[in-house]
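See below for the structure under consideration.
The values are calculated or read from the model by the stated rules, or taken from the named source; none is laboratory data. Source: prediction; values computed, not measured. All Cβ positions, glycine included, derive from the backbone under ideal geometry; neighbour counts span all protein chains shown.
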Amino acid sequence: MFCGRNIELHHIEMESKSGASTFANCIPLCFNCHAEAGHYNSSHPKGTKYSPAELRKHRDRWYQAIEKLAFSEKEWEENTDKKVKEVYEDQIVTLKGFVWREAFPGPPNYDSFETDRVETYWMLVLPEPVSLFANCFETEETIKIDNVKKLQLYVDPDFYDAKRDIVRTDIELTGKLFMSITGHHHGDANFDIRGRHA
């Protein structure tokens, strides 16, 4: 979930039990996750529900995902033989990328995590950008959208439960791209993979 500046550092080994205030002994958590980390504890009012080993594992997986995304970006920038793939709206394509879960402010204003409902979507982050050719729904003219790298997945309702294990992994998906046109669309484009991944 993107939380902007609403982040706190949680001691993995509690400070009241001699846990050091060091990078190695912390995990960044949003205000809500920190508050909901577990039961009330008089030594630590926000509590701690997870073992230190569980917190380290979660933190390290998160850091690895961020490093992977940064590496993919750097690798593309340093590539001297860049060939951008062109994709047409409604063309069936297979794309490989990194699946990323992200939260956004939703209705009614699509503006703030504090006042709006939170919407969470899965994104396919491409290692190399593509160009999308789409038809403007108002004028029917062809629009070229360059530097498309983050695709919001448009999936069947049961996909999230059935495919939970693909989050933070590289995967190849097949579907059709379409441009973002509503407040619910948060990617550079959308990737409709409904009915293609059982």
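Among the criteria (1) at pLDDT below 90; (2) in contact with a helix residue (DSSP H, G or I) (Cβ under 8 Å, 6 or more places away or on another chain); (3) of a type in the set (A, V, I, L, M, F, W, C), the one Phe113 does not fulfil is (2). The residues of region 139-178 that are in contact (Cβ under 8 Å) with a residue 24 or more places away in the chain and among the polar types (S, T, N, Q), listed by number, are Asn147, Gln152, Thr169, Thr174. Restricting attention to region 35-61, the residues being outside any loop (DSSP other than H, G, I, E, B) and at pLDDT below 75 number 3.
Screening the candidates Lys149, Lys176 for the property of being modelled with pLDDT of 90 or more, of a type in the set (Lys, Arg) and over 30 Å from Glu67 (Cβ atoms) yields one hit, Lys176.
Out of region 132-163, which residues are loosely packed, with under 15 Cβ neighbours inside 10 Å and within 18 Å of Arg196 (Cβ to Cβ)?
Step one: of region 132-163, the residues loosely packed, with under 15 Cβ neighbours inside 10 Å are 136-144, 146-147, 156-158, 161-162.
Correct list: Asp156, Pro157, Asp158, Asp161, Ala162.
What do you reckon, is Pro108 touching a Lys or Arg at 6+ places or on another chain (Cβ under 9 Å) and assigned to a loop (DSSP other than H, G, I, E, B)? Taking the combined requirement at face value, the residue satisfies it.
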